[in-house]
Amino acid sequence: MILMNDIIREGHPTLRERSAEVTFPLSEQDKQLASELLEYVIHSQDDAIAEKYGLRAGIGLAAPQVNQPKRMFALHIEQENDKDLSFVAINPRIVSHSVEQTYLSTGEGCLSVDREVEGFVPRYARITIKAFDAEGNEFKKRLKGLPAIAFQHELDHLNGIMFYDHIDAKEPYKDIPGASPFERE
Ligand code: SB7
Ligand code: NI
C-alpha cells in the first residue's frame with residue numbers, strides 16, 4: 001500500500017527524469033505498482049480511509065512520484081453522473097488535441113509539492129489519448145474538462161515536468177488567449 005511517506009517531494013531528482021517505457025507482459029512488480037497507484041487515488045478520495053492512513057487526496061498519481069521512473073499513472077475522478085473515470089495508463093500518449101486551451105481556475109496542486117503554487121497552468125481543453133492497460137491492451141479515450149487537465153498533469157510527470165513549469169513567472173494569473181477556465185466542483 002502506498003502511503004504519504006512513499007511519495008517523493010520536489011527536489012528529488014527522479015521527479016526531473018524522463019521515465020522509461022514499460023515492457024509487456026508486465027513484471028509482477030510492475031503489476032503491483034499499477035494496482036497500488038490506482039488503489040492510492042481511490043483510497044485518498046475516501047474520507048474514512050484517507051483519514052485512517054493520513055492520505056492527501058489526489059485524483060492522479062504517477063509512478064515516478066513513488067520513485068519508480070516508469071511510464072505509468074493512475075487517475076480516479078468522480079463524475080457527476082456517478083460514472084467514475086478510473087484507470088491506469090501505461091506508456092500513455094496524446095494522439096491529438098484541441099487548439100483551444102483551458103486551465104483550472106483554482107490552479108493545480110501536486111502530491112509531490114508541499115506548498116501552494118498560485119497561477120494558471122495552461123492545458124489543452126480536449127485531448128485524444130492512447131495508452132495500454134495492465135493486461136497489455138491498448139485503449140483510446142477522448143477527454144475534456146478535469147480528466148483532460150489531470151491526464152496532462154500526469155503525463156508531464158513521466159517527462160520530468162512539474163505543473164508550475166507552465167506558470168508565467170512574471171504574471172502567474174496572466175490571461176491565456178482563447179482559453180476558458182475550468183471550475184472545479
Ligand atoms: C490538479 C491536481 C492534479 C492534477 C491536475 C490538477 C493531481 C494532483 C495529484 N498529483 O500530484 C498527481 O501527480
Ligand atoms: Ni502531480
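Miscellaneous remarks
- For segment 4-182, the per residue solvent-accessible surface stands at 51 Å², with DNA, RNA and ligands left out and a 1.4 Å probe.
- Selected from G178, M162, P122, residue furthest toward positive end of dipole (segment 4-182; charges at beta carbon): G178
- Using θ = phi - 60° in the Karplus curve 6.51 cos²θ - 1.76 cosθ + 1.60, the 3J(HN,Hα) couplings for segment 178-183 round to x, 9, 9, x, 9, 9 Hz; x is entered for Gly and Pro.
- One chain, two ends: A50 and S35. Fully extended at 0.36 nm per residue, the span grows by 3.7 nm beyond their Cα-Cα distance.
- The alpha carbon centroids of segment 9-39 and segment 119-185 are separated by 19 Å.
- Cα coordinate range in the chain, projected on the principal axes (Å, largest first): 46, 37, 34
- For the set H43, H166, the ranking by accessible area, highest first and with no ligand, DNA or RNA atoms included, is H166, H43 under a 1.4 Å probe.
- Computed helical MRE - 222 nm, the chain, DSSP H runs ≥ 4 contributing -39500 (n - 2.57), nearest 500: -6500 deg cm²/dmol
- Subset of K83/K130; K31/K140; K130/K170; K70/K140; K70/K170 violating a 24 Å alpha-carbon distance limit: K130/K170; K70/K170
- Each residue of segment 133-139 was assigned a 3J(HN,Hα) from its phi angle through the Karplus expression (A = 6.51, B = -1.76, C = 1.60, θ = phi - 60°), giving 8, 5, 8, x, 8, 7, 9 Hz with x at Gly and Pro.
- Percent carbon-and-sulfur accessible area, the chain, ignoring ligands, DNA and RNA, probe 1.4 Å: 47 percent
The values are calculated or read from the model by the stated rules, or taken from the named source; none is laboratory data. Small disclaimer: the values here were computed from a predicted structure and weren't measured. Reconstructed Cβ throughout: ideal geometry from the backbone, glycine too, with neighbour counts over all protein chains shown. Side chains are part of the model used for accessible areas, which takes the heavy atoms of the whole protein and leaves out ligands, DNA and RNA. Shrake-Rupley method; radii C 1.70, N 1.55, O 1.52, S 1.80 Å.
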